[in-house]
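Just below is one structure, and these are the notes that go with it.
The values are calculated or read from the model by the stated rules, or taken from the named source; none is laboratory data. Everything numeric in this text was worked out from a predicted model, so none of it was measured. Here the Cβ positions follow ideal geometry from the backbone for every residue, glycine too, while neighbour counts run over all protein chains shown. Ligands, DNA and RNA are stripped out before the accessible areas are found, and what is left, the full protein with its side chains, is counted by its heavy atoms. Shrake-Rupley method; radii C 1.70, N 1.55, O 1.52, S 1.80 Å.
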Amino acid sequence: MDATDDLLGELKVFAGTWTGTGTGHYPTIADFSYEEEIDFTVMPGKPFLAYRSRTWSPGRERPMHTENGYLRRSGGAVELLVSQPTGFVEIQRGDVVDGVLDLTPLSLSRSPDAKPVHEVRRRFVVAEGALSYDLWMAHAETPLTHHLTARFQRV
Ligand code: HEM
């Protein structure tokens, strides 16, 4: 184990590039599916991973959602900081327990032009070499409801 491994601690299981597929739904929109690539990039000597997600319609025909940020250690906890080009910035905080990173939103800021999202919840799991996540959101009149699930293999 080197110095960066020590600094990353429980974040290390997420490090790397992951590709996979996801499905999305919400009561107010049509169901959809997508391809996604997630990078959790090691920054040598730093206690955080740079985070980048890019998604495409099936077959990578057109880009869909993308977001960037950091997965970092903070005190005894873990934080995901996310910036979305759709006008949202999130700080999510939680713990990694048995490969499960269950996050609680600390803050969600939105641009006056962004859709009226009131809350975003995220959970990441690494199990048997695969990464998966689920995302829930509260939007407009709809209370917290599942929006996305995706599953990945390491590249
Ligand atoms: C993997 C990432 C994501 C993909 C592929 C995705 C895809 C989609 C698609 C295809 C729609 C329906 C078309 C539309 O109204 O634009 C949609 C709606 C929406 N998404 Fe996502 N999304 C993603 C992540 C997120 C995240 C992180 C948020 C949190 C802010 C979010 C918030 C919304 C909202 C507010 C709507 C509109 C719902 C409505 O009009 O009733 N999405 N998304």
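Observations
- In order along the range 135-150, the Karplus-derived 3J(HN,Hα) couplings, from 6.51 cos²θ - 1.76 cosθ + 1.60 at θ = phi - 60°, round to 9, 10, 9, 9, 9, 6, 8, 8, x, 3, 9, 4, 10, 9, 9, 8 Hz, and Gly and Pro are given as x.
- Distance between modelled label sites at D134 and S83, nm, 7 Å Cα→Cβ extension: 3.0 nm
- Spin-label model distance (nm) - D113 vs R52, 7 Å beyond Cα toward Cβ: 2.4 nm
- Each principal axis of the Cα atoms in the chain has its own extent, and those three values, largest first, are 48, 34, 25 angstrom.
- Net charge in the neighbourhood of D2 (other residues with Cβ under 14 Å of its Cβ; Lys, Arg +1, Asp, Glu -1) is 0.
- Calculated mean residue ellipticity, 222 nm, the chain: -1000 deg cm²/dmol, from DSSP H runs (n ≥ 4) at -39500 (n - 2.57) each, averaged per residue and rounded to 500.
- Rounded to the nearest 20 debye, dipole of the chain from Cβ charges on Lys, Arg, Asp, Glu: 260 debye
- Long-range amide H partners of M43 with built H, under 5 Å: F48, A50
- Whole-angstrom gap from the range 6-65 to the range 77-111, using each part's C-alpha centre: 14 Å
- Computed accessible area, R62, all protein chains, 1.4 angstrom probe, square angstrom: 140 Å²
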